[in-house]
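K.L.:
Got a structure for you, questions after.
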Amino acid sequence: MLAALRQRFNTWLFRPRVEHGAILLTQRRIFILPTRQGLALGFVLVLMLLGDINYNLSLGYVLTFLLAMVAVLSMLHAFRNLAHLEVRAGRAEPVFCGGTAHFILHFHNPGTLARHQLCLRHAGGTTTGFDVPAGEDREVALPLPATRRGWLQAGRLTLYTEFPLGLFHAWSYLHFDTRCLVYPRPLSDAPLPPGNSPDGAGKRTVAGDDDFSGLRNYVPGDALPRIAWKAYAREQGLQVKQFSTQLGEELWLDLADAPDADIENRLARMTRWVLDAEAQGLRYGLRLPDGELPANNGFAHRDACLGRIALFGVIETK
Amino acid sequence: MNRMSTYGLLLSILMVIAPHAEHLPPWVTALCASLLAWRGYLAWSGNPLPKRWLLLTITLACTGGIAIDFHTLFGREVGVTLLMLLATLKLMELRTARDAVALVYLACFIIITNFFYSQSIPTALYMLATLVVILTSWVHLHAPDIALGPRLRVASTLLLQAIPLTLILFVLFPRVQGPLWGLPQDAYASSGLSDTMSPGSLSKLSLSDAVAFRVTFDGPVPPREQMYWRGPVLWDFDGTTWTRGRNATLRAPTLADTGSPASYTVTLEPHNKHWLFALDMPDRLSIPSLLAPDFQSLSHKPVNARIRYRASSLLSYRANPDEPPQQIKRALALPRGLNPESRLLAKSWREQFPQDDAAIVRAALAHFNRGGYEYTLEPPLLGANSVDDFLFRTRQGFCEHYAGSFVFLMRAAGIPARVVTGYQGSEYNELGDYHILRQSDAHAWAEVWLGERGWVRHDPTAAIAPGRIQRGLSSAVADNAALPFMARNPPQWLLKLRMNWDTLANQWNQWVLGYDNERQFAFLTRLGMESVTWQKLAMNLAVGLGLAIALFALFMLRHLFTRRHDEVQAAWLKLCGRLAKAGLPRAPHEGPQDYAARIASARPDIAEDIADLAARYSGLRYGKSQDEQARHEFLQRATALKIRRGIIRAA
C-alpha cells in the first residue's frame, strides 16, 4: 500500500516516461536537495551560532549569517546552473557486444551565463562531466558498457550539478527514446562457410558438397552416406567420396551453417563471417530463419546484416 | 587534489590564522609558519605528503607542548591554539576531496575565534577579504577546470548577494542574551585599570591608545579640570601597593549638594571588572548597580561586553561628612616602620598646624609644587621605603607616585585620606558630539576627609604638572615620543581624520557590536513594529528573507529568459533605416511584403534581394520556424547588403 503510494508519488514527481525530441529543463523538472556536505555545513553553522550567542560576538553573528546566506544562494546558483538548458538526444553508433556504447546528447545553453560542472550519470554508474558556455552547444558522449546484443537503451539518465559550492545537489531526469544497437561480439577465429553460388562461376575451390572431386581412404567418423559403396563393391576398400565447392561471387551466410551448439555462439560466428566477407570484398547474403537479405556488398549492407543478426530473436519493446 | 586548489587552501588557512600570530605562544606561531611553508614547498615540488605516523607524532608532541605551556587543555586560549595547530596539520594530510571540504569549514570556524580579540571595522573588512579567498578556493574544489578569474567572480557574487540578506538576518534574528553555558575564566580579556596600584602600574597603562569609554553629555559639559572619572578607590597600603580592601560598613554614602547635577551617557568598553565609571561624585546610574560606601559604582556582574548607561553626578558636593569611625580608622592606617623620613615630614606639618587639617593639605601640595619634582612616564625604581625614596631622592614620578605619597603623608599627619583611581579629562569628538576617554587618560588622585566638608578631592599631580589636568598628558610629559600616538599632539588634519574614524568606530560599536536584544527591540519599535515579540520577529524574519530570496531568484533567473529574439527585428529595422536614407522610407502601416513589393517596382535592380530578405524576415518573425541557421543567414544577408545614396546593390 505504502509502496504503491510511493510509486505513484515518484511517478507524479519525477515523470519517469520516455521522451523524444528536445527537452527544456523547466523548474518543474529540476529537483534540489542538500548534499551531505551541505548538511555538514549546517551543523558547523549551528556550532558557530552557539558560539556567537555564548560569547556575545556580534561580528560572529555577521559571519555566521553571511555563510548561511552564501549557502542559501548557492542553492539558487545550483538551480540556475540547470534551469532552461535544452537537451536533445543524438544518435548512438552501433557497437559490438563487450565494447562501449556512446550515447550522444546535445546540450544547448540559450542564456547568457555559462553552465559549469554539469554531470551526466547513468544508473549503471558512468558519469561524464562537462561545461556549456553561454549561448553555445555542447555534444556530450555518455559511455555505457554494451553487455548484450540487441537494443541497448540509454534508460533514465540523471543530469546533475553541485556547482558552485557542493552544498546542494540539483538534478533532473532525462529519459530519451534513444537506443544503441549492439552487435554480437564476433568470434575470434571462424573460417567463412564455403561458397554456394548457384551459377558456379567460382574462383576458389574449397571442401564442400556440391561436386564430386574424388575418393580418399575412410577415416573412422566419416559420415556413412559419403562412403563410396560402389567402390567397396569393386573391392577397392572403404573409400569416401570427396566433394568440392566452388566459392562463388555470392556467399550465403546461413545460420544453419554455423556448427555451434549455442544460438548466441552461432550468431557470434555469423557476425565474424559478415565482417570477414566484407573485409574480403565478397558479395554476401544473409539467411536467417526469419528471413534473408539478398547478397550485396558495402558498409551499409554490412550494417544491415549485423543489425539483422543483432536483433535475431529479440522481441522489440519500446 | 590539484596544485592550484592546494595553494588556495594554503592561502585560506594562512589568512585565518595570521591575526592570531601575536597572541599565540611564539613556538606555536613559528611551528604553524614552518608547517605552512613546508606544505607550500610540497605542493610546489610535487613531493608526496608526509607519512601519517609522522603527522600523528607531531600532533601528539604539539598537544603535549600546549598542555605544558598552558598547564591545561581546556579553556578558550588553549582551544584557539589547538585549532590553529589542527588546521595547519590538516593541511599536511590533504588526501581526499572530503579533507579539503573539512579544511574549508575549519577555516570558516577559525575566523570566529579571531573575534574574541577584535571586532573592529578593520577586522570586519579583513573577514570579508578572507571569505573571498576561502570561497574562491571552495568553488575550486567543486569546479577544478574553471580559471581563477571566473572563480573569483562566482565567489564575490555569492558574497555580495549574501550581504543584503545577512543584513536582514542581523536586524531581525532574535537575539539571545548569552552565555548559554558556563564560560571559562579567560573568556574575556581584561584591560584598563586594576584594583591595585603600585608604582608603574598607571604609567604602563598610559602607553595604550585603547578607548576606555565614551561619554555624551546631555546638558552643559563640565570644564576639563572637573572631569575626574571615578574608578576604584584604594584604601589599603602595604608599603608598595595600594589595594581596595573591604569597606568596613555597608552604609550607603550621602551627598549634600549645592549645584545642579551633570547628566550624561557612558558607553563603557568591556574591562571584565565590576566597576563602572562616573564623574565625581556619582549620584544615580540607569543600570542596576551598587554605590559602595566610598562612592564607587559597581556593576553586579563583570563588564564583559560593551554596555551603555545613563548617569548623573554632582560636581560640587559634601560627601559623607558623617563618615563612620571604622572607615576613618581605615583611612588612617599605615604599614608599620616604613618610610620614617616621610613620617617625620608629616609630623612637622602637624606640629606647625595642630588644628588645621586644611593647612596641612596646603603645606603638602606646596611641598610638591616647590620640591623640584618632575612628572615623567619613566620614573626610576624605588626601594623598600618607596615613599621616602620618591619624596627625598628620585623626585621623579607619575600620578600614582604623587597620589600614593600624598595620601601617605596625610595619613602620617593624622588626616584620613585615600587614593582614587580612574580617568581624568577627555577628548572631544566634534563630529559625533561625544567625549572619548582612553587608557592613556588613566589617572590617580587623592581624597582627604575634612570633617564637616566631607571627602575633598586633591590632585597632587596638578601641583607639579597643571598642564596634565588642563590639557592632557602630552602637554605634561617632556618626552612626547614615548606616548602612544593618540595621546600626542598630532597635526590638525590628522586629528580630524582620527575623530572621523572614531565616530565611525563608535557608530559601529553602537549599532553592530552593541546590537543586543534590548537595542534590537528599541530599533524595531522605532521602525514601526509594535510590541516586538519573538514570534513576530521570527515571522518577520521568515517573510523578509523569503521575499529577499525570491527577489534574488527572479533577478538571477532573468538571464535565462533573455534570448536574442530581437536580433532579427533589429537587423530588419536597421535595413529599413538604410533604405530610407537611400530615398525609400517604409510607411508605418507597411508590412515587409508590401514594402518589398513597392521597392521592387521602384528599383527593379535590387528587387530580388529585398524580396528575399522580406520573406526571410517574415518567416523568422511570424513563422513557426526558429531555425538558428536561417536566422544566421538572414542576419548575414541583411548586413551584407551595401547601400549607397541613390544606388542600392547587393554586395
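K.L.:
So for chain B, if I pair up every lysine 8 or more residues apart or on another chain, how many of those pairs have alpha-carbons under 28 Å apart?
P.N.:
Close lysine pairs under the 28 Å cut-off: 10.
K.L.:
Here's something else I'd like to know. Return the carbon/sulfur percentage of the accessible area of region B:565-631, one whole number, probe 1.4 Å, all protein chains in place.
P.N.:
Carbon with sulfur: 54 percent of the solvent-accessible area.
K.L.:
Among A:Arg17, A:Arg149, A:Arg302, determine the one that fluctuates most according to a GNM of chain A built with springs between C-alpha atoms less than 10 Å apart.
P.N.:
Looking only at A:Arg17, A:Arg149, A:Arg302, the biggest GNM fluctuation is shown by A:Arg17.
K.L.:
Amide H to amide H, which residues 5 or more places from A:His175 or on other chains are under 5 Å from it, using H placed in the peptide plane?
P.N.:
A:Glu19, A:Leu157
K.L.:
Then there's this: Residues of B:137-147, mean number of Cβ from any other protein chain within 10 Å of their own Cβ, rounded to a whole number? Kindly include the intermediate steps, with their values, before the conclusion.
P.N.:
Numbers: counts 0, 6, 8, 1, 4, 11, 10, 2, 5, 6, 0.
The mean count of partner-chain Cβ atoms within 10 Å per residue comes to 5.
K.L.:
A further question follows. Just need the relative contact order of region B:251-391 here, percent rounded to a whole number, with Cα pairs under 8 Å and 6+ apart. Could the numbers behind the result be given before it?
P.N.:
Values: 170 pairs, mean separation 35.1, N = 141.
The normalised contact order for region B:251-391 reaches 25 percent.
K.L.:
What's the magnitude of the charge dipole for region B:1-142 around its Cα centre, counting Lys and Arg as +1 and Asp and Glu as -1 at the beta-carbon? Answer in Debye, nearest 20.
P.N.:
The calculated dipole for region B:1-142 is roughly 440 debye.
K.L.:
Which residues of region A:63-77 end up with at least 10 Å² less accessible area in the presence of all protein chains than when their chain stands alone, using a 1.4 Å probe?
P.N.:
In region A:63-77, residues shielded by partner chains: A:Leu63, A:Phe65, A:Leu66, A:Leu67, A:Met69, A:Val70, A:Val72, A:Leu73, A:Leu76, A:His77.
K.L.:
Using a 1.4 Å probe over the heavy atoms of the protein chains, calculate the carbon and sulfur portion of the accessible area of region B:39-195 as a whole percent.
P.N.:
Solvent-exposed carbon and sulfur of region B:39-195 make up 70 percent of the total.
K.L.:
Scan around B:Ile307 for amide H atoms under 5 Å from its own, H built in the peptide plane at 1.01 Å from N, and keep only partners 5 or more places away or cross-chain.
P.N.:
Result for B:Ile307 returns B:Leu268.
K.L.:
Another question, if that's okay. Could you tell me which of B:Gln396, B:Ile307, B:Gly200 has its Cα farthest along the dipole of chain B towards the positive end, charges placed at Cβ (Lys, Arg +1; Asp, Glu -1), taken about the Cα centre?
P.N.:
B:Ile307
K.L.:
Using only Cα atoms, tell me the angle between helix A:263-279 and the longest principal axis of chain A; keep it within 0 to 90° and round to the nearest 10.
P.N.:
The two axes meet at around 80 degrees.
K.L.:
Using the per-residue mean of other Cβ atoms lying within 10 Å as a proxy for protection, in what order, highest first, do the peptides A:278-285, B:425-432 fall?
P.N.:
B:425-432, A:278-285
K.L.:
Let me ask something additional. I need the phi-derived Karplus couplings for region A:50-66: 6.51 cos²θ - 1.76 cosθ + 1.60, θ = phi - 60°, integer Hz, Gly and Pro marked x.
P.N.:
Listing the rounded values in order: 4, x, 4, 5, 5, 9, 6, 9, 5, 5, x, 4, 4, 4, 4, 5, 4 Hz.
K.L.:
In square angstrom and rounded to 100, what buried accessible area do you get between chains A and B, total over both, with the probe at 1.4 Å?
P.N.:
Heavy-atom accessible area buried at this interface is about 5100 Å².
K.L.:
Here is a follow-up. Please check region A:150-176 for residues whose accessible area, probe 1.4 Å, is lower by 20 Å² or more when all protein chains are in place than in their chain alone.
P.N.:
Residues meeting the cut-off: A:Phe163, A:Pro164, A:Leu165.
K.L.:
Per residue, what accessible area does chain B have, given a 1.4 Å probe and all protein chains present, in Å²?
P.N.:
47 Å²
K.L.:
Choose one of A:Ala22, B:Pro588, B:Tyr515: the residue whose Cα lies farthest towards the positive end of the charge dipole of the protein assembly as shown (beta-carbon charges +1 Lys, Arg; -1 Asp, Glu; about the Cα centre).
P.N.:
B:Pro588
K.L.:
In whole Hz, with x marking every Gly and Pro, tabulate ³J(HN,Hα) for region B:138-154 from phi via Karplus 6.51 cos²θ - 1.76 cosθ + 1.60, θ = phi - 60°.
P.N.:
Each residue of region B:138-154 in turn: 5, 4, 4, 4, 9, 9, x, 8, 7, 6, 4, x, x, 5, 4, 5, 4 Hz.
K.L.:
Each residue of region B:423-429 in order: what ³J(HN,Hα) in whole Hz does its phi give by Karplus 6.51 cos²θ - 1.76 cosθ + 1.60, θ = phi - 60°, with x for Gly and Pro?
P.N.:
Once rounded to whole Hz, the list reads 10, 10, x, 4, 10, 8, 9.
K.L.:
Cα gyration tensor of the protein assembly as shown, axes a ≥ b ≥ c as square roots of the eigenvalues: rounded (a/c below 1.5), prolate (a/b > b/c) or oblate?
P.N.:
Note, shape of the protein assembly as shown comes out prolate.
K.L.:
Related question: Provide the net charge surrounding A:Ala228, with neighbours chosen by a C-beta distance below 13 Å and charges set as Lys +1, Arg +1, Asp -1, Glu -1.
P.N.:
Residues close to A:Ala228 contribute a combined charge of +3.
K.L.:
Just how large is the dipole of region A:142-196 about the Cα centre, in debye to the nearest 20, putting +1 at every Lys and Arg Cβ and -1 at every Asp and Glu Cβ?
P.N.:
Using only the charged Cβ atoms, the result is roughly 180 debye.
K.L.:
Roughly to the nearest percent, how much of the accessible area of chain A is carbon and sulfur, given a 1.4 Å probe?
P.N.:
Ligands and nucleic acids excluded, carbon and sulfur reach 55 percent.
K.L.:
Further question on the same structure: When only C-alpha pairs under 8 Å and at least 6 residues apart count, what is the relative contact order of chain A, in percent?
P.N.:
Relative contact order here is 15 percent.
K.L.:
For chain A, what does the helix formula give at 222 nm: sum of -39500 (n - 2.57) over DSSP H segments with n ≥ 4, over the residue count, nearest 500 deg cm²/dmol?
P.N.:
The helix contribution divided over chain A gives -9500 deg cm²/dmol.
K.L.:
Place the peptides A:227-237, A:88-98, B:208-218 in order of packing, highest mean first, counting for every residue the other Cβ atoms within 10 Å and averaging per peptide.
P.N.:
With the highest mean Cβ count within 10 Å placed first, the list reads B:208-218, A:88-98, A:227-237.
K.L.:
Go ahead and set up a Gaussian network model of chain A, Cα springs under 10 Å, then flag whichever of A:Thr112, A:Thr100, A:Thr26 fluctuates most.
P.N.:
Taking springs between Cα atoms under 10 Å, the residue moving most is A:Thr112.
K.L.:
Let me ask something additional. Taking amide H atoms as placed 1.01 Å from N in the peptide plane, list the residues 5 or more away in sequence, or in a different chain, whose amide H sits under 5 Å from that of B:Ala278.
P.N.:
Close amide H contacts, sequence-distant or interchain: B:Arg230.
K.L.:
On a full-extension model of 0.36 nm per residue, what is the gain between B:Tyr428 and B:Gln510, subtracting their alpha-carbon distance, rounded to one decimal in nm?
P.N.:
Gain on extension, B:Tyr428 to B:Gln510, equals 27.7 nm.
K.L.:
How big is the charge dipole of chain B about its Cα centre, in debye rounded to the nearest 20, if each Lys and Arg gets +1 on its Cβ and each Asp and Glu gets -1 on its Cβ? Before the final figure, lay out the partial values.
P.N.:
Working: 66 positive and 52 negative charges, 456 e Å.
Dipole size: approximately 2200 debye.
K.L.:
Could you work out the relative contact order of chain B? I mean the mean sequence separation of Cα pairs under 8 Å and 6+ apart, divided by the number of residues, in percent. Walk me through the numbers on the way to the answer.
P.N.:
On the way: 936 pairs, mean separation 78.5, N = 651.
Worked out over chain B, it gives 12 percent.
K.L.:
Still on this model: Keeping all protein chains in place, calculate the accessible area per residue for chain A (probe 1.4 angstrom), answer in Å². Intermediate values should be presented prior to the final figure.
P.N.:
Values: 15760 Å² over 318 residues.
I get 50 Å² per residue for this part.
The values are calculated or read from the model by the stated rules, or taken from the named source; none is laboratory data. In this text, all values refer to a predicted model and were calculated from it rather than measured experimentally. Glycine gets a Cβ as well: all are built from the backbone with ideal geometry, and neighbour counts include every protein chain shown. For accessibility, only protein heavy atoms count, side chains too; no ligands or nucleic acids. Shrake-Rupley method; radii C 1.70, N 1.55, O 1.52, S 1.80 Å.
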